[in-house]
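Worksheet: one structure, shown below.
Each value in this text was obtained by applying a stated rule to the coordinates, not by laboratory testing. It should be emphasised that the depicted structure is a prediction, and the values quoted were computed from it without experimental measurement. Positions of Cβ are backbone-derived with ideal geometry, glycine not excepted, and every protein chain shown enters the neighbour counts.
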Amino acid sequence: MFERLPLRSQAETLAKEGTILAQRQFNSWTVTLYTLNNKFVEVWTGEEAQVISTFKSLANPMTVLEPYLDGVNVEEVLGL
């Protein structure tokens, strides 16, 4: 199970098997949203730390995606 892997193994798994969906800034953190095995995973990267967190499988996808919507260029996504 991904959540039980050591941090380094989680980072390696995300790099190999995860798909980046979006990225945003929060204060001094860069927050990257991934999908991995039909679950959402966030990576919070700061100057001196990296935190990987997963969402419960019952999490509402719109609630997870909402903080990222300001950074999505809808025309680009739709190829307009």
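Between Leu58 and Lys39, the contour length at 0.36 nm per residue exceeds the Cα-Cα span by 5.9 nm. For segment 2-72, the C-alpha radius of gyration sits at 1.07 times the compact-globule guess of 2.2 N^0.38 Å, with N the residue count. Applying both filters, DSSP loop and at most 12 other Cβ atoms within 10 Å, to the trypsin sites (Lys or Arg not before Pro) of segment 1-76 gives Lys56.
For the chain, the 222 nm mean residue ellipticity estimated from helices alone, with every DSSP H stretch of n ≥ 4 adding -39500 (n - 2.57) and the total spread over all residues, rounds to -6500 deg cm²/dmol. Could you list the residues of segment 12-27 with an amide nitrogen less than 18 Å from a label point located 7 Å from the Cα of Val51 in the Cα-to-C-beta direction? The answer is 23-27.
Cα axis of helix 7-17 to longest principal axis of the chain: angle in degrees, 0 to 90, nearest 10? The answer is roughly 50 degrees.
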